[in-house]
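A short write-up of the structure that comes next.
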Amino acid sequence: MHIPIALPEGWTAEESSGGGMVISTADGEASVTVNEKMHGFILGMTPVRKRGNFDGRKWKVALYLAAVDALQATIV
């Protein structure tokens, strides 16, 4: 699966077996799970159970940017 943004250097994105995409930091210490069907994300490697508020034009970009921002905020 392709993600619509560039990740910070060294970060990875892998499809989750539970659905969605798991983005991990370079050291693998922190992650966020993004689920396009739910239009939402959650910190950690866990299923996204709540629908997010990402709609409209370029919602996928906004979703992934918000997920990466949330993950970066946890590692500062």
Just name the residue that is farthest from the chain's Cα centre (by Cα) out of those in the stretch 30-40 that are farther than 12 Å from Gly19 by Cβ and part of a strand (DSSP E or B).
-> Ser31
Quick one: in the stretch 44-70, which of the residues that are small (Gly, Ala, Ser) and within 11 Å of the chain's Cα centre (by Cα) is surrounded by the fewest Cβ atoms within 10 Å (Cβ to Cβ)?
-> Gly44
Restricted to the stretch 1-43 and to residues being loosely packed, with under 14 Cβ neighbours inside 10 Å and touching a residue at least 24 places away in the same chain (Cβ under 8 Å), the residue farthest from Trp59 (Cα to Cα) is Glu29
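Here, each number is a calculation from the coordinates, and none is a lab measurement. It should be emphasised that the depicted structure is a prediction, and the values quoted were computed from it without experimental measurement. For neighbour counting, all protein chains shown are included, and Cβ atoms are generated from backbone atoms with ideal geometry for every residue, glycine included.
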